[in-house]
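Q: Please find one structure pasted underneath; my questions will follow.
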Amino acid sequence: MSLLRYESHVRAPLVDGSKDYHQVTEDICRPVEAKPSKLWWMGFLISAALLVFGIISVTIEVIYGTGQWNLNKTIGWGWDITNFVWWIGIGHAGTLISAILLLFRQGWRTGVNRAAEAMTIFAVMCAGQFPIWHMGRVWNAFFVLPYPNTRGPLWVNFNSPLLWDVFAISTYFTVSLLFWYSGLLPDLATLRDRAKKKWAKSFYGVAAFGWTGSTKHWQRHESLSLVLAGLSTPLVLSVHTIVSFDFATSIVPGWHTTIFPPYFVAGAIFSGFAMVQTLLVVTRKVLGLQEYITIEHIEVMNKVIVLTGSIVGIAYLTELFMSWYSAVPYEHFAFFKNRLDLSSPYGWSYWIMMGCNVLSPQIFWSTRMRRNLTLTFFMSILINIGMWFERFVIIVTSIYRDYLPSSWSTYYTPTIWEVGFYLGTFGLFFTCYFLFSKFFPVIAIAEIKHILKRSGDNYKKGNLGIETEELEEFGHKNLEHH
Amino acid sequence: MGVKKFVVGNFYDEAILFPAVKKVRRAGYKIHDVYTPHPIHGLDHAMGLRDTSLHTAGFIYGIIGTATAVGFITWALAVDWPLNFGGKPFFSLPAWIPIAFELTVLFASVGMVLTFCYLCQLAPFVKKDHFNPRSTDDTFVMALECSDKTNDTELISFLQEAGAADVQIMHKETDWWWGRYGKETKRFEKQIPAQPVH
């Protein structure tokens, strides 16, 4: 069997330490079965407090209307849509890791995919809040759905990118959830069969759907995962493409560019990976999972960050070039006057974006920096600040001074309830993540076991001899069963 | 269905499990199932299971999704209430590609997951026997179904020779039933004894 299991020793092991199947189960289930630590309670309560603040902010907005926010006729989209695009961008890494990397047969995804997918789902939940509450009369939110109504029926406009968004995001959420949960079933069954307490037996018993690990079920499960990955791959690209269409199909200078879809998708992966780093650098330490989420994993993700960050940088420069090359005065004004020029009211936000997204990730060309955990954590925060400003720059600097000077806006700053709403989504995100990390295995147990004998440290060492073996000897040892 | 009699053997290494599966099949015994903690590629073929057609079902669901989207939007925007958007044609297919694509993915995914759950009989509150709780941890559990003609002791020693550990006879329910794992529930209170050999 070792013939099937061989992987070159040049590749770093994906699971460190001397592990067998049982040890893997023990290690990953331990944080779930242990009592939550003080640190967990502190984090959870802070998140819950933020969530409550968010709920208050939204309640006030619903009672008094969107006038509670500093939006006006010129700046119709401000913090809310900035936050929406930011969260939905973050929600792209999970599906990328689980789907695209599955298709590319990247073994390292097994260590991080579960947490990244969970993060995706929570980020999409946060993103969805913004367009919904931005509607103002939120009780009419169902108007976006094509349902038979008494007004004709008057159908929704299927030609509008805003409606495409409704379909894209709801589909994305549903598919990500199904993908995540179907992958969780075997691990929930593991927890169920290990559970000692009655409530845990019941909870995981119900949650595991009666999974047994039958060979036929595994065969179907593999087929399901593969097809869902195949479907999610174009889906994840389509979602941010469609979000970029919200802007790109308009005629506002600064939005009206064909480069938006690839540029948004690269930015989404960039910010998503940064958020995965933020969470995993802490999670692996707190839950003691350093042997499963190794420095190698962190390094590989930093490589993705420097790649996507550079793609985003090229997109920024291309935008500038196209605006100059187009010779359209409005385009010139939007880019060279409202963004590049530091003395313009929002010039500072453009340069924060440039600094955080394009310049700072270049540090990751160095291997030593990529493997530095403190720096990785710091950079991941910096990148997400930069990516927030990217959306802010795109939205606010484009619309606050457009064609007609008489309709130019005054300087836009958010109210406390706009900020509160944003903080509230942080609360929602981290509350969900804390609950997830307590009640669910943060690493896909079955998938780790699947790669263990090929990529586990102790098994790889055992296979070292193969590289120097004579062909005959190798055949004698490995081919007898076939 | 009901309770049946099985001879159950445990394996701790795939390298022993694979040849054992082949041996058991060659000897003509009927493998009820092999329960494994993680997917093992090739085990389904070794056991002689046919390939799943789940992906074909997914393809069909996807086509249904595309047809639903294009059909419905065509009817709504071109037939039921044509609206003039900037003089563009009522039937403007390129603008419908995004929604047609999203519904294709949505139908295919939801349909496949539901089909998967149906085929594997998985649902919340479903309870099943699976012989050894360690089979979701580190043990590969092979269950052989006994008929009234099976010689138990012979089968047990045969499995032991093939490399199985802790081989034992178990009476288990093969079907699922509604129940919670927190409570000991049995679908059939009384165990049906195996038919005596004549």
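The values are calculated or read from the model by the stated rules, or taken from the named source; none is laboratory data. Predicted, not measured: the structure shown is a model, and the values here were computed from it. Here Cβ is always computed from backbone atoms with ideal geometry, including for glycine, and neighbour counts include all displayed protein chains.
Q: Within the range B:16-30, how many residues are within 18 Å of residue A:218 (Cβ to Cβ) and at the interface with chain A (Cβ under 9 Å from one of its Cβ atoms)?
A: Matching residues across the range B:16-30 total 1.
Q: With respect to the numbered conditions (1) free of Cβ contacts under 8 Å to residues at least 40 places away in the same chain; (2) more than 30 Å from residue A:110 (Cα to Cα); (3) aliphatic (A, V, I, L, M), which one is the sole condition not fulfilled by residue A:259?
A: Evaluating residue A:259 over (1) free of Cβ contacts under 8 Å to residues at least 40 places away in the same chain; (2) more than 30 Å from residue A:110 (Cα to Cα); (3) aliphatic (A, V, I, L, M) leaves (1) as the failure.
Q: Another question, if that's okay. If you go through the range B:107-115 one residue at a time, do you hit one that is more than 9 Å from every other protein chain (Cβ to nearest Cβ) and without any contact (Cβ under 8 Å) to a residue 24 or more places away in the chain?
A: Yes, that holds for at least one residue.
Q: Let me ask something else about it. Take the residues in the range B:116-148 that are out of contact with any helix residue (DSSP H, G or I) (no Cβ under 6 Å at 6 or more places or on another chain) and among the hydroxyl-bearing types (Ser, Thr, Tyr), then tell me which one is nearest to residue B:183 (Cα to Cα).
A: B:135
Q: Given the structure, is residue B:33 within 9 Å of chain A (Cβ to nearest Cβ), of a type in the set (Asp, Glu), under 25 Å from residue A:184 (Cβ atoms) and in contact with a strand residue (DSSP E or B) (Cβ under 8 Å, 6 or more places away or on another chain)?
A: Here the answer is yes, as residue B:33 does meet what is asked.
Q: Among the residues of the range A:236-250, is any closer than 30 Å to residue B:119 by Cα and either buried (at least 22 other Cβ atoms within 10 Å of the Cβ) or modelled with pLDDT of 90 or more (or both)?
A: yes
Q: Looking at residue B:40, is it touching a residue at least 12 places away in the same chain (Cβ under 8 Å), assigned to a loop (DSSP other than H, G, I, E, B), surrounded by 18 or more Cβ atoms within 10 Å (Cβ to Cβ) and among the aliphatic types (A, V, I, L, M)?
A: Yes, satisfied.
Q: Residues in the range A:169-183 that are over 17 Å from residue A:243 (Cα atoms), free of Cβ contacts under 8 Å to residues at least 60 places away in the same chain and small (Gly, Ala, Ser): how many?
A: 1
Q: Among the residues of the range A:272-288, is any of a type in the set (A, V, I, L, M, F, W, C) and part of a loop (DSSP other than H, G, I, E, B)?
A: Yes, there is a match, as at least one residue in the range A:272-288 is of a type in the set (A, V, I, L, M, F, W, C) and part of a loop (DSSP other than H, G, I, E, B).
Q: I need a count of the residues in the range A:289-307 that are in contact with a Gly (Cβ under 8 Å, 6 or more places away or on another chain) and either crowded, with 21+ Cβ neighbours inside 10 Å or assigned to a helix (DSSP H, G or I) (or both).
A: 4
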